[in-house]
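Undergrad: One structure, as structure tokens, below. Some questions next.
The values are calculated or read from the model by the stated rules, or taken from the named source; none is laboratory data. Computed from a prediction, not measured in an experiment: that's the story for all the values here. As a convention, Cβ positions derive from the backbone with ideal geometry for all residues, glycine included, and neighbour counts pool all protein chains shown. Quick note on the areas: whole protein, heavy atoms, side chains included, nothing else; ligands and nucleic acids left out. Shrake-Rupley method; radii C 1.70, N 1.55, O 1.52, S 1.80 Å.
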Amino acid sequence: MTATADDRADVLHKAGLDGQNRTALGRMLGTGDVGYAEEGDDGVMRATVTIPEDQLIFSPSIIVFPHGGDIELTIINDDKNTHCALLPHNGDPKIIWLVNHSKGTARLNLDGPGAYWYGSTTGNDEGRGLTAALVMGGEVPDSAKLDRPPQPRP
Amino acid sequence: MTDYVDAGEAVAHRTLSNVKGEAPATRNVDYDRIKGAKSEPENWLTYYGSYDGQRYSPLDQINKSNVRKLSPAWVFQAGSTGMHSGASTYSFEASPLVVDGVMYVSGPDGKVWAIDPTTGDELWRYKHASPFDTSLCCGNVNRGVAVGHGKVYMYTLNAHLIALDATTGEKVWDTTNGDVRAGESGSAAPLIVKDMVVVGSAGGEFGVRGHLDAFDAQTGERRWRCYTVPKPGEPGSETWPEDGEAWQRGGANCWITPTYDPELELLFQGTGNPAPDFDGGVREGDNLYTDSVVAIDVNSGEIRWHYQFTPHDLWDYDSTMENLLFDAPDGRKLLAHADKNGYFFVIDRTNGELVRVFPFVDRITWGEITPDGKVTPKIYPDEEGVPVHFWPGPAGGKEWTHMSYNPQTGLIYIPVQEVGATATRRRREFKESIPYWGAGVAVDLDDHYGFVSAVDPTTGEEKWRWNHEYPMCASNITTAGGLVFQGTPSGEFVALDAETGEKLWQFQCGSGHHSSPTVYSVDGRQYVAVPTGWGGWVEGFLPGLLGAAAGDALFCFALPED
């Protein structure tokens with residue numbers, strides 16, 4: 001059986017892969033929503049992520065940024081349990097502790113293009129579903145590109 | 001619902017550790033100090049210990065008479081958190097540097113540490129966030145840093161050259177130097193020469209165009225770039241198809257640190273395989289400057305001469321490994337190179353003239369190189385879908401891991417791999433960032449072995465051999481104490497008698513070796529440090545140990561103080 005992009009959410013739901021303790025024990029990684037960051041006049045890209053009650057997931061679980069750079073991420077724990085977030089950052093990962101019903105901020109710097117995972121590094125939150133991605137789009141500067149004609153891409 | 005509890009702002013992970021945050025200030029390391037590195041044997045100032053790549057330490061406190069007492073002084077565990085690229089292929093491949101009582105070492109996944117080299121205490125750490133999806137042919141690895149001008153330089157997995165403050169680890173500048181969308185990456189240790197930092201590209205398995213670059217050490221501004229595949233009309237372009245696009249994806253990456261002769265002002269850079277690795281039909285010709293040593297003018301970035309070890313390579317025989325500089329008894333300036341293709345070359349480093357070539361492995365079936373340097377291919381994947389077995393396999397008789405030269409014995413100690421492989425040509429179209437091998441490849445799971453070969457480079461005579469059931473996949477180092485230290489894939493770190501090859505000592509580190517050990521001293525006590533951690537391109541150099549224990553520990557050994 002195959003799924004198209006349009007009906008993927010339905011297929012995941014029918015298969016019991018989009019929630020806790022259904023087919024699998026936890027929620028399959030990468031089955032959540034996709035969100036987009038907004039770039040402010042100051043060049044900082046901002047987004048908000050929440051942990052919904054009893055879902056053990058960061059929502060959106062994939063946030064797309066237009067390019068690498070400075071990021072301000074607002075993180076809200078709406079769950080009735082305590083979690084955290086260990087996030088990638090140039091210099092050293094950053095960690096924030098998120099008790100029940102809490103809200104905090106992470107200021108990050110990440111290169112683009114490329115994808116980065118982060119997660120709640122307590123117990124096995126990461127395996128249950130609290131693993132999510134920050135995806136940087138864009139291209140490297142022209143000065144970093146190879147001196148050759150444009151090449152075909154997949 | 002009440003207002004949210006204020007969780008505050010995320011903090012650096014290291015603030016929740018015992019890392020001290022600062023390293024003692026050292027004397028400035030500049031060009032003159034690195035040129036004279038052998039005059040301060042307590043330090044290991046640059047990647048090979050000295051510009052000549054000899055990996056020789058003049059220290060002799062640890063010697064043949066007492067090495068059996070060598071014991072662990074401390075162990076540093078790198079560890080990891082969260083999901084990272086190459087989660088199953090990371091390896092601790094670096095060569096630690098030591099400057100005036102501070103050790104600087106890089107690890108997998110963008111990590112750099114300053115460490116107290118007498119205790120193993122972590123002084124500061126830096127971690128470059130590395131995209132999970134970076135194209136990495138051969139694992140999440142980094143081979144080391146350069147230290148100088150008050151900074152520590154590292155080339156990141158995503159091809160950024162970064163400079164850190166040597167006392168705090170804080171980033172000073174960051175220059176993007178490669179195109180990760182094209183499949184470029186970074187793994188080599190940078191080299192400081194004059195007021196510049198030199199580093200080469202990786203990504204030859206993805207069909208990129210190799211290059212070596214030099215940057216202003218203070219600002220990160222690029223001074224020059226030397227492409228190792230010529231464009232049409234440039235010297236060497238006649239070795240590529242005239243009407244094709246092959247040169248644009250030609251490979252010849254520079255993923256190992258060059259050696260350097262300050263008198264000639266030449267960098268000796270080994271270059272990688274052509275792309276696609278095994279399908280020569282789409283790139284007829286010798287394919288310069290792949291699989292070569294290129295002598296590059298450090299001031300201009302221009303190629304002065306070259307010598308190609310495997311013209312029109314069809315076996316993935318990179319020649320990126322070191323070109324070790326030494327002088328003949330008559331004073332002739334020479335260069336020694338043990339190639340993946342199983343032959344050992346001695347070359348006049350002033351002009352690229354071949355002096356001597358001889359095999360240093362037992363099994364060579366891909367072809368033959370005569371004593372005067374004539375290359376005759378014999379077995380290669382040239383028919384679509386037909387498997388071809390050859391020795392050495394694509395990891396070579398010796399891969400990037402480094403040999404060493406002891407001026408006391410006049411011998412070069414080569415870590416040798418005896419592993420074959422089967423390649424079946426499978427032509428495919430080129431697409432940026434997708435592996436571009438042109439074959440299916442399976443390296444032998446058995447019938448492999450290894451040894452350290454002690455060779456007289458002036459005659460080609462093998463003086464002794466230390467045998468092991470597994471190929472040697474780690475660099476060695478030799479000392480004035482009459483010793484050669486070698487790590488094995490099965491975890492042993494051994495000391496050999498440099499004159500006879502007799503094993504005098506060993507310690508089981510718990511994970512295989514695929515790195516470059518370092519020798520130094522602090523306050524009169526000599527140490528030997530070796531990163532361990534089996535990983536990298538194991539499926540290429542020893543798939544028979546793909547299931548061996550991983551690890552990422554830095555071991556440091558010394559004689560008991562009492």
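Undergrad: Once every DSSP H run of n ≥ 4 in chain A is given -39500 (n - 2.57) and the sum is divided by its residues, what mean residue ellipticity at 222 nm do you get, rounded to the nearest 500 deg cm²/dmol?
TA: After summing the helix terms and dividing by the residues of chain A, the value is -1500 deg cm²/dmol.
Undergrad: Amide H neighbours of B:Arg223 under 5 Å, at least 5 residues apart or on other chains, H built in the peptide plane: list them.
TA: Result for B:Arg223 returns B:Ala214, B:Phe215, B:Asp216.
Undergrad: Now for a separate question. Across the residues of A:82-92, average count of Cβ atoms on other protein chains within 10 Å? Before the final figure, lay out each step's value.
TA: Details: counts 0, 0, 2, 2, 4, 4, 10, 6, 11, 12, 15.
Mean shielding by partner chains, rounded to a whole number: 6.
Undergrad: Within the range B:418-432, whose backbone N sits under 19 Å from a point 7 Å along Cα→Cβ of B:His389?
TA: Answer for this model: B:418-425.
Undergrad: In sequence order, what are the phi-derived ³J(HN,Hα) couplings for the range A:80-85 according to the Karplus relation 6.51 cos²θ - 1.76 cosθ + 1.60 with θ = phi - 60°, rounded to whole Hz, with x for glycine and proline?
TA: So the J values, rounded to whole Hz, are 9, 9, 8, 9, 7, 9.
Undergrad: Turning to a different aspect of this structure: Can you find, among B:His306, B:Ala495, B:Ser85, the residue sitting farthest towards the positive end of the charge dipole of chain B, where Lys and Arg contribute +1 and Asp and Glu -1 at Cβ?
TA: B:Ala495
Undergrad: Once you average over the residues of A:98-110, how many Cβ atoms of partner chains fall within 10 Å of each Cβ?
TA: The per-residue average across the peptide is 4.
Undergrad: Could you provide, to the nearest whole Å², the per residue accessible area of chain B with probe 1.4 Å?
TA: Result: 32 Å² per residue.
Undergrad: Kindly work out what percent of the DSSP beta bridges joining two residues of the range A:33-139 are antiparallel, to the nearest 5.
TA: Rounded to the nearest five, the antiparallel share is 65 percent.
Undergrad: Continuing with the same structure: Could you let me know the centre-to-centre spacing of the range B:275-290 and the range A:96-154, using Cα atoms, in angstrom?
TA: When both Cα centres are located, 36 Å separates them.
Undergrad: While we're on this one: With a probe of 1.4 Å, find how much accessible area the range A:33-139 has per residue, and write the answer as a whole number in Å².
TA: Values: 3940 Å² over 107 residues.
In whole numbers, the range A:33-139 has 37 Å² accessible per residue.
Undergrad: Still on this structure, I have one more. Can you pull out the GluC sites (Glu not before Pro) in the range A:51-142 whose DSSP state is coil and whose Cβ has at most 16 other Cβ atoms within 10 Å? All intermediate terms of the calculation are to be shown ahead of the outcome.
TA: On the way: sites: A:Glu53, A:Glu72, A:Glu126, A:Glu139; in loops: A:Glu53, A:Glu139.
Filter output for the range A:51-142: A:Glu53, A:Glu139.
Undergrad: Now a separate question. Once the piece of chain linking B:Ala328 and B:Glu238 is laid out straight, how much longer is it, given 0.36 nm per residue of separation minus the C-alpha distance between them?
TA: Contour length minus the Cα-Cα distance gives 28.9 nm.
Undergrad: Nearest 100 Å² is fine: what is the total accessible surface buried where chains A and B meet, probe 1.4 Å?
TA: Using a 1.4 Å probe, the pair buries roughly 4200 Å².
Undergrad: Still on this model: Pop a pseudo-label 7 angstrom from the Cα along the beta-carbon direction at both B:Glu22 and B:Glu263 and give the gap in nm to one decimal.
TA: The two pseudo-label positions are separated by 4.4 nm.
Undergrad: Per residue, how big is the convex hull around the C-alpha atoms of the range B:143-297? Give it to me in cubic angstrom, could you?
TA: In the range B:143-297, the Cα convex hull volume per residue is 102 Å³.
Undergrad: Mind grabbing the base-10 log of I(q)/I(0) for the range A:33-139 at q = 0.13, 0.16, 0.22 Å⁻¹? Debye formula, identical points on the C-alpha positions, no solvent, two decimal places.
TA: So the normalised log intensities work out to -0.42, -0.63, -1.17.
Undergrad: Continuing with this model, one more query. Would you please name the GluC sites (Glu not before Pro) within the range B:121-224 that are DSSP coil residues with at most 14 other C-beta atoms within 10 Å of their C-beta?
TA: Details: sites: B:Glu122, B:Glu170, B:Glu184, B:Glu205, B:Glu221; in loops: B:Glu170, B:Glu184, B:Glu221.
Here the sparse-neighbourhood loop sites are B:Glu170, B:Glu221.
Undergrad: Return the tail of the calculated pair distribution for the range B:407-562, meaning the percent of Cα-Cα pairs more than 25 Å apart.
TA: Working: 4858 of 12090 pairs.
Roughly 40 percent, once rounded to a whole number.
Undergrad: Something else: Any idea what the relative contact order of chain B is, in percent, if you count C-alpha pairs under 8 Å spaced at least 6 apart?
TA: Reported as a whole number, the value is 14 percent.
Undergrad: Of B:Lys171/B:Lys194; B:Lys378/B:Lys398; A:Lys145/B:Lys38; B:Lys64/B:Lys151; B:Lys151/B:Lys340; B:Lys69/B:Lys340, which sit over 29 Å apart, Cα to Cα?
TA: Where the Cα-Cα span goes over 29 Å, the pairs concerned are A:Lys145/B:Lys38; B:Lys64/B:Lys151; B:Lys151/B:Lys340; B:Lys69/B:Lys340.
Undergrad: Here's a follow-up. With θ set to phi - 60° and the Karplus curve 6.51 cos²θ - 1.76 cosθ + 1.60, what are the ³J(HN,Hα) couplings of the range A:100-105 in order, to the nearest whole Hz, using x for Gly and Pro?
TA: Coupling constants for the range A:100-105: 3, 6, 10, 9, x, 9 Hz.
Undergrad: Could you work out how far apart the two model spin labels at B:Arg225 and A:Asn100 are, taking each label as a point 7 Å from the Cα in the direction of the beta carbon, and quote it in nm?
TA: So the label points at B:Arg225 and A:Asn100 sit 5.6 nm apart.
Undergrad: Counting only residues 5 or more places away or on other chains, whose amide H sits under 5 Å from the amide H of B:Ala7 once H atoms are built in the peptide plane?
TA: The list, which skips near neighbours in sequence, is A:Lys103, A:Gly104.
Undergrad: Continuing with this model, one more query. Can you work out the FRET efficiency for the pair A:Ala9 and A:Asp147, with r the C-beta to C-beta distance and R0 = 51 Å, to the nearest 0.05?
TA: After rounding, the FRET efficiency stands at 0.70.
Undergrad: Could I ask something else about it? Roughly how large, in nm² to one decimal, is the mean projection of the convex hull of the alpha-carbon atoms in the protein assembly as shown?
TA: Spelled out: convex hull of the Cα atoms, projected over all directions, averaged, 31.9 nm².
Undergrad: Which cross-chain or sequence-distant (5 or more) residues have an amide H under 5 Å from the amide H of B:Lys111, H modelled 1.01 Å from N in plane?
TA: Close amide H contacts, sequence-distant or interchain: B:His128.
Undergrad: Once phi is turned into ³J(HN,Hα) by the Karplus curve 6.51 cos²θ - 1.76 cosθ + 1.60 with θ = phi - 60°, what whole-Hz value does each residue of the range B:251-263 show in order, with x for glycine and proline?
TA: So the J values, rounded to whole Hz, are x, 6, 6, 10, 8, 10, 4, x, 8, 8, 10, x, 6.
Undergrad: Report in % the part of the accessible area of the protein assembly as shown that belongs to carbon and sulfur, leaving out ligands and nucleic acids; probe 1.4 Å.
TA: Percent of accessible area from carbon and sulfur atoms in the protein assembly as shown: 48.
Undergrad: Per DSSP H run of n ≥ 4, the term is -39500 (n - 2.57); total these for chain B, divide by its residue number, and report the mean residue ellipticity at 222 nm rounded to 500 deg cm²/dmol.
TA: After summing the helix terms and dividing by the residues of chain B, the value is -500 deg cm²/dmol.
Undergrad: Among A:Thr131, A:Val49, A:Leu108, which residue has its Cα furthest toward the positive end of the charge dipole of the protein assembly as shown, with +1 on Lys/Arg Cβ and -1 on Asp/Glu Cβ?
TA: A:Thr131
Undergrad: What does the structure give for B:81-94 when I average, per residue, the other chain Cβ atoms found within 10 Å of the residue Cβ?
TA: So the per-residue partner count for this stretch is 2.
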